[in-house]
Amino acid sequence: GRIFPVARSVNVTVTGAAGQIGYALLFRIASGQLLGQDTKVRLRLLEIPQAVKAAEGTAMELEDCAFPLLEGIDITDDAKTAFDGVNVALLVGARPRTKGMERGDLLEANGGIFKPQGEAINAGAADDVRVLVVGNPANTNALIAQQHAPDVPAERFTAMTRLDENRAYSQLANKLRVPVTEIKRLVIWGNHSATQYPDLTHAVVGDRNALELVDDQEWVENTFIPTVAKRGAAIIEARGASSAASAANAAIDHVHDWVNGTAEGQWASMAVPSDGSYGVPEGLISSFPVVCKDGKYEIVQGLTIDAFSRGKIAATVAELEEERDAVRNLGLI
Ligand code: NAD
Ligand code: LMR
């Protein structure tokens, strides 16, 4: 069923709107790729005061596209205003990692941003609000925001691992020389970081198991997993800036599937608050295979997790626990 009635416009708030992901994301939202071609959108752009002028420039360009679905654009540097009545919140604004930095370095710098934003979502968001955190360290930033929004159902706070999933699809498609459309149920577990686990064990190519088709555990362990897990750093190294258009594309995919549902027989990777499934401690925002229907996601249950996968999942979950403990010690949650 549809969750946003056709007659109503949906309030979509994008933080960090003047940044590079914002520039790749806003035009796609306004053109209907986020929610669907029948859903009108009102955009709210949140920026820091120094970047409001640049956001205004982007808004001028959005206007110049004359998008039929775009009902209006508001720009603010005030979180309360930005999240008042928000239905879909895309928390992108954060300090990106630069060459040589690890995500841990960002915890303190970015943690401070997500507490007030969580509070503002708690104060003013619409009852049906859905939140996607893109800004890194995304899982832990989502946890911080969620902890400051006690009146919003916890499961509405999610973080993005869809870019990792999409990267994994392309790597596998290249290896097997098949179109990406042949592949299904290739998913990411854990943290959006170098410890993530891109899991081939449940993936299928046509009607065959991906792992059997690859038949090369050395490639899986020493090429596939590290290539996907370190792709963010490789992009920074090559581009001199972190991934932007591919990140915006993944954000569109994440929210589109959440709102409109995953295709029959398909799974998506979303970092969501754990319900204890697969031994992931309850409350940690960790990536799982999910299916989406009627605007809700459910963690895929009953999968057989082999010994190698168990070790990989345990390692990435341990990192998430360390990040949670670090922000706890900083008083951020
Ligand atoms: P950017 O520096 O180009 O843009 C970030 C924007 O956020 C800037 O315009 C800045 O002014 C703004 N900002 C900073 N603090 C803010 C606040 N408190 N409120 C509102 N806006 C604020 O960065 P980018 O390349 O667009 O990347 C944004 C974030 O996304 C980074 O943290 C990056 O690491 C992350 N990222 C995540 C993924 C993922 O897969 N989860 C992928 C790529 C990038
Ligand atoms: C990415 O995965 O491209 C981003 O999270 C950027 C980064 O810091 O790796």
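Here the range 190-333 is treated with +1 on each Lys and Arg Cβ and -1 on each Asp and Glu Cβ, and its dipole about the Cα centre works out to around 400 debye. Fraction of C-alpha pairs exceeding 35 angstrom in the chain: 17 percent, rounded to a whole number.
Evaluated with a Cβ-only charge set (Lys, Arg +1; Asp, Glu -1), the chain carries a dipole of roughly 380 debye about its Cα centre, given to the nearest 20. Solvent exposure of the range 174-273, expressed per residue, is 42 Å² of accessible area, with all protein chains present and a 1.4 angstrom probe. With 32 Å as the limit, the listed pairs Lys40/Lys80; Lys184/Lys230; Lys40/Lys312 have Lys40/Lys312 beyond it between alpha carbons.
Across the range 1-111, counting alpha-carbon atoms alone, Rg and Dmax equal 14.9, 49 Å.
Across the options Asn209, Gly265, Ala247, the greatest Cα extent toward the positive end of the charge dipole of the range 153-276 (unit charges at beta carbon of Lys, Arg, Asp, Glu) belongs to Ala247. Partners of Lys293 within straight-line reach, counting aspartates and glutamates whose Cα lies under 16 Å from its Cα and excluding those fewer than 8 residues away in the same chain: Asp128, Glu155, Asp253, Asp257, Glu264.
As a fraction of the 1.4 Å probe accessible area of the chain, surface on carbon and sulfur atoms comes out at 49 percent.
Computed from point charges on the beta carbon alone (+1 for Lys and Arg, -1 for Asp and Glu), the dipole magnitude for the range 116-251 about its Cα centre is near 380 Debye. Solvent-accessible surface of the range 48-87, averaged per residue with a 1.4 angstrom probe and all protein chains in place: 58 square angstrom. In terms of accessible area, using a 1.4 Å probe and ignoring ligands and nucleic acids, Cys65, Cys292 rank largest first as Cys65, Cys292.
Rg/Rh for the range 28-185 stands at 1.01; both radii use Cα atoms, and Rh follows the Kirkwood definition. Working note: Debye formula, equal point scatterers on the alpha-carbon atoms of the range 34-98, no solvent; log10 I(q)/I(0) at q = 0.12, 0.21, 0.29 Å⁻¹ is -0.34, -0.99, -1.36. Directionally averaged projected area (the range 206-304, Cα convex hull): 8.4 nm².
Based on the alpha-carbon gyration tensor of the range 6-52 and its eigenvalue square roots a ≥ b ≥ c, which shape applies: rounded if a/c is under 1.5, prolate if not and a/b is larger than b/c, or oblate? Note, shape of the range 6-52 comes out oblate. For the peptides 126-132, 303-309, residues were scored by their other Cβ atoms within 10 Å and the scores averaged per peptide; the highest-first order is 126-132, 303-309. In angstrom, the C-alpha Rg and Dmax of the range 169-225 are 10.8, 31.
The values are calculated or read from the model by the stated rules, or taken from the named source; none is laboratory data. Quick caveat, the model's predicted, so the values are computed rather than measured. Methodologically, a virtual Cβ is constructed for each residue, glycine included, from the backbone with ideal geometry; neighbour enumeration extends over all protein chains shown. We work out accessible area using only protein heavy atoms, side chains counted, and drop any ligands, DNA or RNA first. Shrake-Rupley method; radii C 1.70, N 1.55, O 1.52, S 1.80 Å.
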